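For reference, the structure discussed in these notes is given below.
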Amino acid sequence: LHDIARAEEGHTGVDHAQAGASQAREIALSWGYSCEEAEAIARAIAAHRFRTECPPESVEARVLYDADKLDAIGAVGIGRAFAFAGRMGQRLWTPVPAGLAARREIDHAAWSPSIEFAVKLSRLADSLYTETARAIARERHAFMVAFFRRLEAEVQGEV
């Protein structure tokens, strides 16, 4: 249920984690979960977003957060970044301006998978909570680093 409001976010701009938490709470209650259980589910979903003011606190919330981030890195994460770029008509590659990740305002017209890697994907492994997730992420992160270095070298005519 953690991404139940993803489509709504795409259409209205609502934070899918917050909207999904609200929807999941109601669904859990309708399935017979107690109020306490439904609230725990909602809190875990609210905290699963990378850019959040609400960090995951429970073991379940941390596991959900980590699983969601692991799904966004490695070969699958790269594939997702390129699929999204294609759907949005974005470029295959654009140069990454120095200091881009630290900026508050980013020019989304120049967005590309290389920018997505620099701004978000490259930081996900360091955000994980569980040792198991960190172990899985090390190899996936290394693969992404190598892939985007190679992509840049090919686009720049270096190889």
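Values quoted throughout were computed directly from the atomic coordinates according to the rules given, and no laboratory measurement underlies them. If you're wondering where the values come from, they're calculated on a predicted model, not measured in any experiment. Using ideal geometry, Cβ is built from the backbone for each residue, glycine included, and neighbour counts are taken over all protein chains shown.
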**Asked** Which whole-angstrom value gives the distance between the alpha carbon centres of the stretch 126-151 and the stretch 54-84?
**Response** 11
**Complete:** Computed from every Cα-Cα pair in the chain, P(r) in 10 Å bins starting at 0 and rounded to whole percents is 10, 32, 35, 16, 5, 1
**Item:** the stretch 17-97: mean projected area of Cα convex hull, nm²
**Value:** 7.3
**Item:** Length added when fully stretched, Ala98-Asp15, from 0.36 nm per residue minus Cα-Cα
**Value:** 27.0 nm
**Item:** Cα convex hull of the stretch 1-55 - mean projected area over all directions, nm²
**Value:** 3.6
**Prompt:** Ranked highest first by average number of other Cβ atoms within 10 Å, how do 35-45, 115-125 line up?
**Reply:** 115-125, 35-45
**Message:** Please compute the modelled spin-label separation between Val159 and Phe147, points set 7 Å along Cα→Cβ, answer in nm with one decimal.
**Reply:** 1.4
**Item:** Gain upon complete extension [Ala7, Glu60; 0.36 nm per residue less C-alpha separation]
**Value:** 16.7 nm
**Item:** Which of Gly99, Leu151, Trp31, positive extreme of dipole for the chain (C-beta unit charges)
**Value:** Leu151
